[in-house]
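Some notes on the structure that comes next.
Derivation of every value follows stated rules applied to the coordinates shown; laboratory data play no part. Keep in mind it's a predicted model, so treat the numbers as computed, not measured. Neighbour counts are summed over all protein chains in view; Cβ atoms, including those assigned to glycine, are modelled from backbone coordinates with ideal geometry.
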Amino acid sequence: MSKCECYVSAVSEERKKMFLEISDDGTIPIRCPVPAGTMTHPTLKQPVQFFEMAIERLTLDQRTRLIKQLARRFNLPETEIDRELDKQSCPVRWDSEVIVHWCNLHLRCVL
Ligand SMILES: [Zn+2]
């Protein structure tokens, strides 16, 4: 069985910048092309849907860059983020600022 190759890319300048900090081509691998869930938080105006980042498909360099970005944005120690990534991955917000690219494996499941 082939593996999932779904990913998201950004359309807005802000997200593009954020994604390019992690990967040189600005793409972020996700585990499934449909949202994994909805999250709410006091800092969010409304609930948002998110994808689960495919942490296991990041290169070591991309993972390091992701950890640095999250540490800076959330003011947390890099070691803590590194541990959490393996436990719970990293949500990628699904909104009009991203484009979802479906892989052939997931495309086959569409009716
Ligand atoms: Zn896929």
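Near CYS6, within a Cβ-to-Cβ distance under 14 Å, what is the net charge of the other residues, with Lys and Arg +1 and Asp and Glu -1?
The answer is +1.
What whole-number value in cubic angstrom gives the convex hull volume per residue for the C-alpha atoms of the chain?
So the per-residue hull volume is 125 Å³.
Suppose the chain between LEU76 and LEU107 were pulled fully straight at 0.36 nm per residue; how much longer would it get relative to their current alpha carbon spacing?
7.4 nm
Length gain on complete extension for the stretch LYS45 to ARG83, per 0.36 nm per residue less the alpha carbon to alpha carbon distance?
10.8 nm
Please identify, among ARG15, ARG72, ARG93, the residue showing maximal mean-square fluctuation in a Gaussian network model of the chain using a 10 angstrom Cα cutoff.
The residue that fluctuates most here is ARG72.
Quote to one decimal, in nm, the extra length available between ASP61 and THR38 on full extension: 0.36 nm per residue of separation minus the C-alpha distance between them.
5.4 nm
Using a simple spin-label model with points 7 Å from Cα along the Cα→Cβ vector, what separation in nm is obtained for SER9 and GLU97?
Here the answer is 1.8 nm between the modelled labels.
Between beta-carbons, use under 12 Å as the cut-off and find the net charge around ARG93, counting Lys and Arg +1, Asp and Glu -1.
-3
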